[in-house]
1. Share of Cα-Cα pairs in the stretch 180-254 beyond 19 Å, in percent?
2. For every other residue with a beta carbon closer than 12 angstrom to the beta carbon of D198, add +1 if it is Lys or Arg and -1 if Asp or Glu, then tell me the sum.
3. Counting only other residues whose beta carbon sits under 10 Å from that of H179, what net charge do I get with K and R as +1, D and E as -1?
4. Rolling a 1.4 angstrom probe over the protein heavy atoms, how many square angstrom per residue are accessible across the stretch 172-221?
5. Out of V34, V12, V48, any idea which swings most in a Gaussian network model of the chain, alpha carbons joined below 10 Å?
6. Note down, for the stretch 110-157, the three equivalent ellipsoid semi-axes (square root of 5 times each alpha carbon gyration tensor eigenvalue), biggest first, whole angstrom.
7. Give me the accessible area per residue for the stretch 33-107, probe 1.4 Å, as a whole number in Å².
8. Taking the DSSP beta bridges in the chain as the whole, what percent of them are antiparallel, to the nearest 5?
Amino acid sequence: MKILITGASGNVGRYVVKELLNKGEGVVVAGTNVEKLKKIFGDKVDVVKFDFVDKETFHKALKDVDRVFLMRPPQLGKPEDLYPFIDSMKSHNIKLVSFLSLMGVEKNTIPPHHKIEKYIEKVQVPYAHIRPGFFMQNLSGIHSVEIKEKNEILIPAGKSKTSFIDTADIGLSVATLLHEPEKYKNTAHTITGPESLDYYQIAEILSEITGKKIMYRKPSFLKYRSDYIKKRGLDKNYVNVTVALYFMTRMGTAKMVTDEFYQLTGRKPRTFREFASENIDCFV
Ligand SMILES: NC(=O)c1ccc[n+]([C@@H]2O[C@H](COP(=O)([O-])OP(=O)(O)OC[C@H]3O[C@@H](n4cnc5c(N)ncnc54)[C@H](OP(=O)(O)O)[C@@H]3O)[C@@H](O)[C@H]2O)c1
């Protein structure tokens, strides 16, 4: 039996695929854009068209599959959008789903991940929730525009600290869980990077690595929201969700450091400095 990877072309999904193939598992990659998936993964995997909001795609995606990596695409803001597929996993007797959740959602009911975890538990699909801290890839991805163009980090996180994790490390953790479904049945894992950094420290590391002076000016929510919606033209709902997340970050919800990555994989998580050095092109 194979393992279905939703969001396979995403920040985390692509590393889940890589690590499962390393472990000798059979993998089915899923997404709305099949051509994109074929381009990324070639013939090492099966490719299936899959859309969370199109039930017609579920049966084919779950054929000959007994484990699933489940992620919520950021553009699906309502937890209920994922419920039909979770029901479908139940009727296909999936023996483990690893859901990409978020650090702290066991105590925080606001992010959609909270309700999604609860729904998986309620319908009794065996689960191994993965609750990572903020991704290092947020800096090399969405926030790299201002770093490249203005030598500035435009994130409204105040002076708060964040225990950034590389999505490659999340991918390895998820693959570890899915590879041993009995061992990790009905568990939850909060994984983080090795240290908690504020954005002044992030700016310092990026400055050292790139040789440019990169600044963090502690922007307000208003400035961030207006620049991201009006200047960059990003989706308003997406920006509002991130405002809520950075509000929580200011309350200290993103700073915890755990050793669960080491417990799961026997490896040390990547530092932000290592990540930034390897991805320098994203910042210059
Ligand atoms: N960024 C962070 O710091 C952070 C921290 C903790 C948790 N998270 C959570 O991680 C998740 C995002 O993961 P990511 O960054 O790996 O994703 P991502 O890079 O944004 O990729 C989104 C993926 O979703 C797929 N997709 C989009 N619409 C779809 C649909 N209707 N049906 C099926 N697939 C669809 C896309 O593939 P196609 O284009 O092929 O459809 C793509 O592979 C979110 O739930 C977020 O809240 C993020």
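The values are calculated or read from the model by the stated rules, or taken from the named source; none is laboratory data. On a predicted model such as this, the values are computed, not experimentally measured, just so you know. Reconstructed Cβ throughout: ideal geometry from the backbone, glycine too, with neighbour counts over all protein chains shown. Just the protein is used for accessible areas: all its heavy atoms, side chains included, with ligands, DNA and RNA removed. Shrake-Rupley method; radii C 1.70, N 1.55, O 1.52, S 1.80 Å.
1. On the way: 1626 of 2775 pairs.
Across the stretch 180-254, Cα pairs with separations above 19 Å total 59 percent.
2. Working: positive: K159, K161, K218, R250, K255; negative: E195, E204.
With Lys, Arg at +1 and Asp, Glu at -1, the neighbours total +3.
3. Values: positive: K23, R67, K183; negative: E19, E25, E180.
Surrounding charge for H179 is 0.
4. Details: 2150 Å² over 50 residues.
Heavy-atom SASA per residue in the stretch 172-221 reads 43 Å².
5. Checking each option, the largest mean-square fluctuation is seen for V34.
6. Details: eigenvalues 244, 23, 10 Å².
Equivalent ellipsoid semi-axes, largest first: 35, 11, 7 Å.
7. Numbers: 3950 Å² over 75 residues.
That works out to 53 Å² per residue.
8. Working: 2 of 27 bridges.
Restricted to the chain, the bridges split so that about 5 percent are antiparallel.
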